[in-house]
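What follows is a set of notes on a single structure, which appears directly below.
The values are calculated or read from the model by the stated rules, or taken from the named source; none is laboratory data. Because the structure is a prediction, the values reported are computed rather than measured. Using ideal geometry, Cβ is built from the backbone for each residue, glycine included, and neighbour counts are taken over all protein chains shown.
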Amino acid sequence: MPQKKNKIKKLNINQISSLGINPTKIETAKGISFSYTYFQYDNDKFSIKDKDAKYLQTLLQRLRDLSSMTVNEMTVKNAKNLRCHPINWKDTTETGFGLLNEEQLVDTPYQFQLSSNEYGRVHGFFIENVFYIVWLDPNHKLYS
């Protein structure tokens, strides 16, 4: 009697991936994200090179706390507590961030405080829910 051949079950391959691996589905972030794409770490005026670990800890805690907020919660609802407001270059020591194509890139420059005057401000701008950090200003040098 002839032997039956075992049939191999056809594998269903996901058409999205050539490897057949299902992509991880990640929920879109609802809070603010931070980017350092335009961060000017080598700017002598806005430098943290002489700051201690407490400054860095305060910065990271503030960014963590803000990342659970929406842009509206940061810039409108909690604006007074965070001292978050648009930057008017006419009132500052600068004329802008000095970025390439800044007029197309930056709609409204913003700043917010790290803590009650002790650790200065963070300056940057939003594109959707991403805040692009340009300067860290621990010594309040943006305003004279």
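Here are some notes:
- Checked against the criterion of being of a type in the set (Phe, Trp, Tyr), assigned to a loop (DSSP other than H, G, I, E, B) and farther than 22 Å from GLY31 by Cβ, the stretch 135-144 contains one or more residues that satisfy it.
- GLY120 surrounded by fewer than 18 Cβ atoms within 10 Å (Cβ to Cβ) and among the small types (Gly, Ala, Ser): no
- Yes/no for PHE126 being closer than 20 Å to LEU66 by Cα, modelled with pLDDT of 95 or more and aromatic (Phe, Trp, Tyr): yes
- Residues that are within 18 Å of the chain's Cα centre (by Cα) and either part of a loop (DSSP other than H, G, I, E, B) or of a type in the set (Lys, Arg) (or both), drawn from the stretch 49-58: none
- Selection of the stretch 70-100 for residues being in contact with a helix residue (DSSP H, G or I) (Cβ under 8 Å, 6 or more places away or on another chain) and without any contact (Cβ under 8 Å) to a residue 40 or more places away in the chain yields LEU82, CYS84, HIS85, THR95, GLY96.
Yes/no matrix, rows are residues, columns are (1) among the hydroxyl-bearing types (Ser, Thr, Tyr); (2) within 19 Å of GLN40 (Cβ to Cβ); (3) in contact with a His (Cβ under 7 Å, 6 or more places away or on another chain):
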position: MET69; (1), (2), (3): no, no, no
position: VAL76; (1), (2), (3): no, no, no
position: CYS84; (1), (2), (3): no, no, no
position: ASN101; (1), (2), (3): no, yes, no
position: LEU105; (1), (2), (3): no, yes, no
position: GLN111; (1), (2), (3): no, yes, yes
position: SER115; (1), (2), (3): yes, no, no
position: VAL122; (1), (2), (3): no, yes, no
position: PHE126; (1), (2), (3): no, yes, no
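- Filtered residue count, the stretch 86-99, keeping only those that are over 22 Å from THR37 (Cα atoms) and either in contact with a His (Cβ under 8 Å, 6 or more places away or on another chain) or loosely packed, with under 11 Cβ neighbours inside 10 Å (or both): 4
- The single condition among (1) without any contact (Cβ under 8 Å) to a residue 40 or more places away in the chain; (2) surrounded by 11 or more Cβ atoms within 10 Å (Cβ to Cβ) that PHE112 does not satisfy is (1).
- Scanning the stretch 15-40 for residues being modelled with pLDDT of 95 or more and either in a loop (DSSP other than H, G, I, E, B) or in contact with a Leu (Cβ under 6 Å, 6 or more places away or on another chain) (or both) gives a total of 7.
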